[in-house]
Amino acid sequence: MKKIILATTMLAATAGFASADVSISGAGRMGLVQKNIDGNVETQFSSRLRIKFSASGTTDGGLSFGGAVRNDQDGVGNTANGNSTVFVSGAFGTLTFGDVNGGAGDNLVGQISGVGFTNLGDTNEIGFLPGDSTSVTAVRYDYTSGPLSVSLGASQTNANDFAHKASVAVKYDGGTYNVAVGYETVTGNHLLSAKVGATFGAATVQVKYVSSAKVLGCCGQKGKNQVGVSLDYAVSPSLTATAFFTDHAYGYIAKGLGATYDLGGGAKVVGGVINNGDDTLADLGMTLAF
């Protein structure tokens, strides 16, 4: 009897799985990283693997729904909404709960281009406010009509702190150019960001500007303006060179130079070098998408 119940259960589970839209994807990287910090040079091995499980479905009325969860190589994932999202989507737009970026953060405004297979400390990135926590649920609403997109976001820093951070962003995509603006606020801090991108033949230029009314941190720092610019140049269909400059306005200026060679099939050779004042970092390795 137990065998019959087990077989029936497995058959039902298999049938349900076959009728659902379930996919598995992944990303990996491997290579060497060299750090020159205060004159001390260290070379290290670096690797990472992430597997993403995605599932989706459609109601009888045409409403789409689904979710995704990511597991890293250390086995940590889907802990209190870390690395997981759930969404519903229709003519009204898309509503996503879980580990999502804010409406203005990395969603519509985004960042200029970085270099290196590890992105070398993310020094190309400017304009962040605390509050996009991955330990509790956040929510984001997205709507696109033609070239115009709108995004609204809210997130928490703990389970008892409702709507701790709020953000809104608007983007216009004209094909060879795009313009995006965003506004974020959290605990008396306000941040306005804007980014323009344009493609001229083989070259793509991005410029980002951030203005903050006040920024949390040590020593009672007041808000300052930040700016970043990047250039991606397609040397050939397989080879792209990238350079960036960012003025973080809080003690350092970062510069970076790198290149990416596409091997095809989801594999790329990526390398770069950045300097943020006293420190220099460089890496060379491969990124893998499957």
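The values are calculated or read from the model by the stated rules, or taken from the named source; none is laboratory data. As the structure is a computational prediction, the values presented were derived from the model and not from experiment. With ideal geometry, Cβ positions are generated from the backbone for all residues, glycine too; neighbour counts draw on all protein chains shown.
Quick one: count up the residues across the stretch 255-273 that are over 16 Å from residue 238 (Cα atoms) and under 20 Å from the mean Cα position of the chain (by Cα). Count: 2.
Is it the case that residue 229 is modelled with pLDDT of 90 or more, closer than 17 Å to residue 246 by Cα and out of contact with any Lys or Arg (no Cβ under 9 Å at 6 or more places or on another chain)? Criteria not met by residue 229.
Table: residues versus (1) under 23 Å from residue 67 (Cβ atoms); (2) modelled with pLDDT of 95 or more.
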position: 126; (1), (2): no, no
position: 136; (1), (2): yes, no
position: 147; (1), (2): no, yes
position: 155; (1), (2): yes, no
position: 162; (1), (2): yes, no
position: 166; (1), (2): no, no
position: 182; (1), (2): no, no
position: 185; (1), (2): no, no
position: 191; (1), (2): no, no
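Checked against the criterion of being modelled with pLDDT of 95 or more, surrounded by fewer than 18 Cβ atoms within 10 Å (Cβ to Cβ), under 17 Å from residue 105 (Cα atoms) and of a type outside the set (Lys, Arg), the candidates 207, 235 yield just one match: 207.
Where residues in the stretch 1-52 are in a helix (DSSP H, G or I) and among the small types (Gly, Ala, Ser), which of them is modelled with the highest pLDDT?
Per the stated criteria, the residue is 19.
Pull up the stretch 70-85, narrow it to residues that are loosely packed, with under 14 Cβ neighbours inside 10 Å and closer than 18 Å to residue 155 by Cα, then point me to the one that is modelled with the highest pLDDT. Looking at the filtered set, the residue picked out is 80. Could you tell me whether the stretch 86-103 includes any residue that is modelled with pLDDT of 90 or more, under 27 Å from the mean Cα position of the chain (by Cα), exposed (fewer than 11 other Cβ atoms within 10 Å of the Cβ) and closer than 30 Å to residue 183 by Cβ? Yes, the stretch 86-103 contains at least one residue that is modelled with pLDDT of 90 or more, under 27 Å from the mean Cα position of the chain (by Cα), exposed (fewer than 11 other Cβ atoms within 10 Å of the Cβ) and closer than 30 Å to residue 183 by Cβ.
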